[in-house]
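Have a look at the structure below, then the notes.
The values are calculated or read from the model by the stated rules, or taken from the named source; none is laboratory data. Since the model is a prediction, treat every value here as computed from it, not as a measurement. Heads up, the Cβs are rebuilt from the backbone with ideal geometry, glycines too, and the neighbour counts pull from every protein chain shown. Keep in mind that these areas ignore ligands, DNA and RNA; they rest on the heavy atoms of the full protein, side chains included. Shrake-Rupley method; radii C 1.70, N 1.55, O 1.52, S 1.80 Å.
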Amino acid sequence: MNFYVMTLFPDMIEQGLNTSIIGRAMEKELLSIKAVNIRDYTLDKHKRVDDYPYGGGAGMLMAVEPVVRTYQAIREDIAAKTGSTERPRVVYVTPWGRPFHQEMAREFAREENLVFLCGHYEGIDERALEEVATDFVSIGDYVLTGGELPAMVMIDAISRLIPGVLNNKDSAEYESFAGNLLEHPQYTRPEEYNGKKVPEVLLSGHHAKIEAWKKEQSLLRTQKYRPDLLEQ
Ligand code: 4GY
């Protein structure tokens, strides 16, 4: 999978995603992440990418031209790399988008190329969104200073679903949200800490009992913390 991120802060994307599991997946060429600086595509002689909103209001907006030109450059890159001239899905990350969830991550994980558009300031000229965006997605009901963190959140969630990214074949699905249940409590050594013992059943070696315990604990945890998941 090839990710592209249209951003004014490419370092943030590169620094944030080059470590740990995602970093190793890039080394293994299971995925690539290209952060494209929107400022490189402005035609303004002072390299400005923002301007005042028509009709007034607080703050500045990202102008249409640099965003559309960045998008065109990405399409050329995709064509050169894969031969594909299809329009890639372009996700605009915004608090007014559809709420991101695991099922959406699974759907995006099937794309060959996926583009994220990160806004800053007060947002982006609507005509740029009309030209390039295909999906509008939010990571939650709060307002951040830019779209980079949400884009990174989504890239992380999508990447771990790409075959080969996690070393354990089972781990991508057998986790919180897999069957609309939260994950059971987990323990590693030591067997006792501060008088707290690891639940007996986990040391029993009795696989059927262990599975039953995990199921029950998942259910209890879901009832306690996310009863809404059980109603779905
Ligand atoms: N929450 N989910 C979010 C966000 C910041 C101004 C548009 C969110 O997805 N994005 O808070 N984004 C704003 C900042 C431009 C994006």
Answer residue from the stretch 106-140, given it is under 22 Å from Tyr52 (Cβ atoms) and within 10 Å of the ligand (Cβ to nearest atom) and is modelled with the lowest pLDDT among those: Tyr121
Matching residues, the stretch 150-160, being more than 6 Å from the ligand (Cβ to nearest atom) and free of Cβ contacts under 8 Å to residues at least 60 places away in the same chain: Val153, Ala157
Residue in the stretch 89-109 that is touching a Lys or Arg at 6+ places or on another chain (Cβ under 6 Å) and not polar (S, T, N, Q) present: no
Selection count where residues are buried (at least 16 other Cβ atoms within 10 Å of the Cβ) and either touching a residue at least 60 places away in the same chain (Cβ under 8 Å) or within 19 Å of Arg160 (Cβ to Cβ) (or both), scope the stretch 93-123: 15
Members of the stretch 198-222 found to be exposed (fewer than 13 other Cβ atoms within 10 Å of the Cβ) and not in a loop (DSSP other than H, G, I, E, B), listed by number: Glu200, Leu203, His207, Ala208, Glu211, Ala212, Glu216
Among (1) within 16 Å of the ligand (Cβ to nearest atom); (2) open to solvent by 20 Å² or more (accessible area, probe 1.4 Å); (3) assigned to a helix (DSSP H, G or I) - the single one Val143 does not satisfy: (3)
The one condition in (1) touching a helix residue (DSSP H, G or I) at 6+ places or on another chain (Cβ under 6 Å); (2) away from the ligand (no atom under 16 Å from the Cβ) that Glu103 fails to fulfil: (1)
